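Below is one structure; the comments refer to it alone.
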Amino acid sequence: MIKEGSKVKFHYKGKLESGEIFDSSNGKAPLEFEAGKRNIIPGLEKELIGMKTGDKKIIQVAPDDAYGKSMSELIREVPKGPMPPGIKLEKGTILYLRTPEGQPVLATVSDIKETSIVLDFNHPLAGKKLIFDVEVVDVS
């Protein structure tokens, strides 16, 4: 049975309420983690506790127990500038940027205006309820 300190392997399919699949272990090795180490989404880990090898479950995770709420202060309008070669600027494009200190950050283009771009620095799954179809493969 999964408890704090257990090493767990499980297969999963993660989807949004719309049914859109955002991630899956289908065709890959199962995801491995150690319970209690905070290596996976907190709400998912909480619901896996108590499951055993072979158990299957559909788990719904609220935004607060996943990637948090979408915060308006993380949406910024910046002046349009030259784009690196190969980057097609359109709504929904994910840009890999660096802070002045060199830290990597992701931003999603949420709007393109005549002289500026609106960037959303929230995690792409922030504010969304996540639904996981899980199957525990191994617990040790």
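Touching a helix residue (DSSP H, G or I) at 6+ places or on another chain (Cβ under 8 Å), surrounded by 12 or more Cβ atoms within 10 Å (Cβ to Cβ) and modelled with pLDDT of 95 or more - does that describe any residue in segment 20-34?
Start the filter on segment 20-34 by keeping residues that are touching a helix residue (DSSP H, G or I) at 6+ places or on another chain (Cβ under 8 Å), which leaves 33.
Narrowing the set further to residues that are surrounded by 12 or more Cβ atoms within 10 Å (Cβ to Cβ) leaves 33.
With modelled with pLDDT of 95 or more added as a condition, the list becomes 33.
Looking for residues that are touching a helix residue (DSSP H, G or I) at 6+ places or on another chain (Cβ under 8 Å), surrounded by 12 or more Cβ atoms within 10 Å (Cβ to Cβ) and modelled with pLDDT of 95 or more, one finds at least one in segment 20-34, hence yes.
Table: residues versus (1) surrounded by 11 or more Cβ atoms within 10 Å (Cβ to Cβ); (2) free of Cβ contacts under 8 Å to residues at least 60 places away in the same chain; (3) within 14 Å of the chain's Cα centre (by Cα).
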| position | (1), (2), (3) |
| --- | --- |
| Pro100 | no, yes, no |
| Pro104 | no, yes, no |
| Ala107 | yes, yes, yes |
| Ser110 | yes, yes, no |
| Lys113 | no, yes, no |
| His123 | yes, yes, yes |
| Gly127 | yes, no, yes |
| Val136 | yes, no, no |
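Selection of segment 38-60 for residues being under 27 Å from Gly127 (Cβ atoms), of a type in the set (Lys, Arg) and at pLDDT 95 or above yields Lys46, Lys57. Being among the charged types (D, E, K, R), in contact with a Gly (Cβ under 6 Å, 6 or more places away or on another chain), farther than 18 Å from Lys3 by Cβ and modelled with pLDDT of 95 or more is true of Lys69.
Given the criteria at pLDDT below 95 and either surrounded by fewer than 11 Cβ atoms within 10 Å (Cβ to Cβ) or of a type in the set (Ser, Thr, Tyr) (or both), does Tyr96 qualify? Yes: the conditions hold for Tyr96.
Would it be correct to say that Val105 is within 30 Å of Phe10 (Cα to Cα), touching a helix residue (DSSP H, G or I) at 6+ places or on another chain (Cβ under 8 Å) and hydrophobic (A, V, I, L, M, F, W, C)?
The answer is no for Val105.
Quick one: is Lys80 touching a residue at least 24 places away in the same chain (Cβ under 8 Å), among the charged types (D, E, K, R) and under 21 Å from Asp120 (Cα atoms)? So Lys80 passes the test.
The values are calculated or read from the model by the stated rules, or taken from the named source; none is laboratory data. Bear in mind the structure is a predicted one, so any value in this text is a computation, not a measurement. Because the Cβ atoms are built from the backbone with ideal geometry, glycine has one as well, and the counts that use them run over all protein chains shown.
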